[in-house]
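We did not get these values from a lab; they are worked out from the coordinates using the rules stated. These numbers were taken from a predicted model, which means no experiment stands behind them. Cβ sites come from the backbone with ideal geometry, for glycine too, and all protein chains shown count toward neighbours.
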Amino acid sequence: MGYLRKVEYKIIQKDSYKIIRNCSGCGCKATYINTRKFRVNANGKYLDIWLIYQCEKCKHTYNLSIYERIKVTDISKFEYDKFLMNDLQFALDYGKNKQLFLKNKADIDWESIDYYIIGDDMEFKQGDYITVCNSQQLKIRTDKLVANILHISRSKAKLLEKDGTIEIMYNYFEGIIEILIKRELI
């Protein structure tokens, strides 16, 4: 089948991941947010660098490890200065680095991820092929994503997939979601 149009979208994460962890201040599980500040500790010729997270309720802190016991010579002057200056964009970038959270075994709050979708706002027809790049592999409900792009309700999106009007395919390794509109949307 030939496609009428191939339309591309991209999912962009707005803010840092939030962490769910036990808070000794609150005495229960709590949500920790990125303070956008770093803690740098020098011990002789070694450095430890953390991104500071803070409990939303009681302000108790948690240090998310970026570097542990690295030699001062193993980090660039540019990067080191960014840590010392608490560069906001640098802290935001580290707060979106999923590998950093995996390395620290931090429990990401997937329900609170704020994102937006970049792409053309248009009416779709039979034969349209939509690709959505989710390079950060955010855990987003497919029905919610399809509903946002097609400007329909989530229940309608589920129904369209169930009755074969749209077909949704996943490529998890590349972070791509493909939507093929097989019949006219009603």
- [ ] Just flag the trypsin sites (Lys or Arg not before Pro) in segment 103-142 sitting in loop per DSSP whose Cβ has no more than 16 other Cβ atoms within 10 Å.
- [x] Lys105, Lys125, Lys139, Arg141
TODO: Measure off 7 Å from each Cα along the Cα-to-Cβ vector at Val40 and Asn104, then give the distance between these two points in nanometres to one decimal.
DONE: 1.8
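Just from its helices, what would the mean residue ellipticity at 222 nm be for the chain, if runs of 4 or more DSSP H residues each count -39500 (n - 2.57) and the sum is divided by every residue, rounded to the nearest 500 deg cm²/dmol? Can you show the working numbers first?
Values: 5 runs with 40 residues, N = 186.
Here the helix-only value at 222 nm equals -6000 deg cm²/dmol.
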TODO: Using Rg/Rh (Cα atoms, Kirkwood Rh) as the read-out, say which of [x] 1.04; [y] 1.65; [z] 1.11 was calculated from these coordinates.
DONE: [z]
Open item on the list: Can you tally the lysine pairs in segment 75-170 where the Cα-Cα distance is under 29 Å and the two residues are eight or more apart, or on different chains?
Closed with: 28
TODO: Between Tyr116 and Met85, with labels modelled 7 Å along Cα→Cβ, what's the label distance in nm to one decimal, could you check?
DONE: 2.6
Task: Linear extension gain, Lys144 paired with Lys182, 0.36 nm per residue minus alpha-carbon span - done: 11.8 nm
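Let me spell out the model: positive unit charges on the Cβ of Lys and Arg, negative unit charges on the Cβ of Asp and Glu, origin at the Cα centre of segment 19-112. What dipole size does that give, in debye rounded to 20?
Numbers: 16 positive and 11 negative charges, 38 e Å.
Dipole size: approximately 180 debye.
By average Cβ neighbour count within 10 Å, what is the ranking of 131-137, 143-149 from highest down? Kindly include the intermediate steps, with their values, before the conclusion.
Details: 131-137: 16.9, 143-149: 18.6.
Final packing ranking: 143-149, 131-137.
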- [ ] Could you work out the longest stretch of the chain that avoids the GluC sites (Glu not before Pro) located in DSSP loops with at most 16 other Cβ atoms within 10 Å?
- [x] 57-122
Task: For Leu47, Leu92, order by how many other beta-carbon atoms lie within 10 Å, fewest first - done: Leu92, Leu47
Open item on the list: Test of understanding: what is the full-extension gain from Lys10 to Leu159, defined as 0.36 nm times their sequence separation minus their Cα-Cα distance?
Closed with: 51.2 nm
TODO: Using amide H atoms built 1.01 Å from N in the peptide plane, name the residues 5+ places from Tyr17, or on other chains, whose amide H lies under 5 Å from its own.
DONE: Lys96
- [ ] Sort out for me the Cα centre separation of segment 16-82 from segment 136-176, rounded to whole Å.
- [x] 35
